[in-house]
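Shown next, in structure tokens, is the structure this report addresses.
The values are calculated or read from the model by the stated rules, or taken from the named source; none is laboratory data. Since we're looking at a predicted model, the values are computed, not measured. To get the accessible areas, we keep the full protein, side chains included, count just its heavy atoms, and leave off ligands, DNA and RNA. Shrake-Rupley method; radii C 1.70, N 1.55, O 1.52, S 1.80 Å.
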Amino acid sequence: MSITEIIIDIPAEQIRNIFGEYDAYVKIIERTLNVTVIARDAQVKVIGEGSRVLKARNVLVQLAELSKRGGTITEQSVNYALSLSFEDKESAIVEIDQDLICHTINGRPIKPKTLGQKQYVDQIRKKMIVFGIGPAGTGKTYLAMAMAISAFKNDEVGRIILTRPAIEAGEKLGFLPGDLQSKVDPYLRPLYDALYQIMGPESFQKNMEKGLIEVAPLAYMRGRTLDNAYIILDEAQNTTPAQMKMFLTRIGFGSKVIITGDQTQKDLPAGAVSGLDVAIRVLKDVDGIGFSYLTSLDVVRHPLVQKIVKAYEEYENKEEARARRRAAQDAGPGRADRRGSREPRTGREGVQRGRRVMSAHRTGRGEGKNR
């Protein structure tokens with residue numbers, strides 16, 4: 001194996017951002033690509049096997065460009081840039097960063113951070129109804145809220161309506177105290193959190209009082225027609241087929257709908273069918289409806305969350321494969337033969353068995369007379 005050495009010119013302030021605290025980020029690059037990275041002033045030297053050195057160079061150059069544009073380099077962005085390097089798509093990380101949705105109340109820009117998130121946002125811009133489907137931490141709800149608030153501020157819609165099924169995550173909480181709003185608030189708290197962060201509590205309360213922002217459980221959607229509104233249905237995996245149909249038929253003119261859900265985290269009663277699963281099968285070929293599937297690669301929470309999601313995906317895939325093998329074995333000819341062997345015997349064996357039964361019967365009658 002030939003050792004290659006290349007030098008990259010990167011400004012010192014960008015190097016600090018790329019390398020991270022205690023060189024944490026550059027150590028990830030070194031471990032992943034099996035290279036050595038050394039920084040001297042405004043230059044970075046990369047040493048290792050030829051193809052790996054080129055990948056490391058491309059990752060460092062793209063991260064430097066991201067840093068130069070004011071982006072914050074995180075462990076997630078380093079890991080994602082590395083995963084893109086194995087598909088020769090390193091430049092995508094800068095392209096993704098160019099898509100600005102809006103700013104939070106603190107001025108932090110909200111942007112998609114992965115290719116899956118970018119495709120999800122593009123679908124929302126193009127389609128009237130979009131299903132965002134993926135595991136926890138992929139930004140489904142947060143990006144949908146950012147798009148809704150951006151459209152509301154730009155007067156593209158007159159109001160925002162946020163809804164989700166009022167169902168507990170595996171626990172029965174019983175009756176909750178207070179008025180209607182107090183009873184449903186715990187179920188809708190994740191939506192409030194995103195609104196406060198993007199819009200600010202004062203602006204949110206003002207628009208809430210005017211009826212321009214509405215947060216309500218799904219049960220209260222029946223009988224309404226929702227015109228000129230941005231509507232988000234969160235936790236759609238916990239809807240029933242009837243609830244999903246009811247919700248989709250509420251949509252009026254000038255409205256846009258985003259439906260988010262995680263098919264692996266259902267809180268419905270055992271044996272109940274999810275309205276999200278049914279909707280995906282029924283509506284997959286309908287024009288004007290988009291489906292965006294996010295994966296563990298799109299998780300933007302703590303890196304450990306990404307590992308947890310991936311571990312569960314692998315476990316569930318193995319369990320499904322094992323269940324299919326068991327079903328195939330049960331349906332095989334061996335199963336039929338074993339069942340056949342349990343059928344009543346005929347011929348000589350049947351006659352002998354009959355004699356044994358009659359003998360036992362006579363013995364029992366004799367014992368009865370003696371008693």
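Given Cα pairs under 8 Å that are at least 6 residues apart, what percent is the relative contact order of the range 3-94?
31
To make sure I understand the rule: partners must be aspartates and glutamates, Cα under 12 Å from the Cα of LYS307, and not fewer than 8 residues away in the same chain. Which ones qualify?
Qualifying aspartates and glutamates at Cα under 12 Å: ASP298.
Ignoring ligands and nucleic acids, what accessible area does SER51 show with a 1.4 Å probe (Å², nearest 10)?
60
Taking amide H atoms as placed 1.01 Å from N in the peptide plane, list the residues 5 or more away in sequence, or in a different chain, whose amide H sits under 5 Å from that of GLN43.
ILE10
Near the amide H of PHE131, under 5 Å away, which other amide H atoms are found, from residues 5 or more places off or on another chain, if H is placed in the peptide plane?
ILE259, GLY290, PHE291, SER292
Taking H as built 1.01 Å from N, whose amide H comes closer than 5 Å to the amide H of ILE161, not counting residues under 5 places away?
For ILE161, whose amide H was placed from the backbone, the distant partners under 5 Å are GLU214, TYR230, ILE231, ILE232.
Can you list the HN-Hα couplings for the range 45-57, worked out from phi with the Karplus curve (6.51, -1.76, 1.60; θ = phi - 60°), rounded to whole Hz and with x for Gly and Pro?
Each residue's phi maps through the Karplus curve to give 9, 10, 10, x, 5, x, 5, 6, 5, 5, 5, 4, 4 Hz.
How much of THR225 can a 1.4 Å solvent probe reach, expressed as accessible area in Å² and rounded to 10?
Accessible area, nearest 10 Å²: 90 Å².
Using θ = phi - 60° and the Karplus form 6.51 cos²θ - 1.76 cosθ + 1.60, what ³J(HN,Hα) does each residue of the range 135-148 get, whole Hz, x for Gly and Pro?
For the range 135-148, the Karplus curve yields x, 4, x, 8, x, 4, 6, 5, 5, 4, 5, 4, 5, 5 Hz.
Sorting THR163, THR249 by accessible area (1.4 Å probe), largest first, what list results?
Details: THR163 0, THR249 80 Å².
Largest accessible area first, the list is THR249, THR163.
Do any of LYS127/LYS153; LYS68/LYS153; LYS140/LYS266; LYS126/LYS266; LYS111/LYS140 go past 18 Å between their Cα atoms, and which?
Numbers: LYS127/LYS153 20 Å; LYS68/LYS153 29 Å; LYS140/LYS266 16 Å; LYS126/LYS266 29 Å; LYS111/LYS140 12 Å.
Over 18 Å Cα-Cα: LYS127/LYS153; LYS68/LYS153; LYS126/LYS266.
With every protein chain left in place and a probe of 1.4 Å, what is the accessible surface of LEU33, to the nearest 10 Å²?
LEU33 has an accessible surface of roughly 0 Å² with all protein chains in place.
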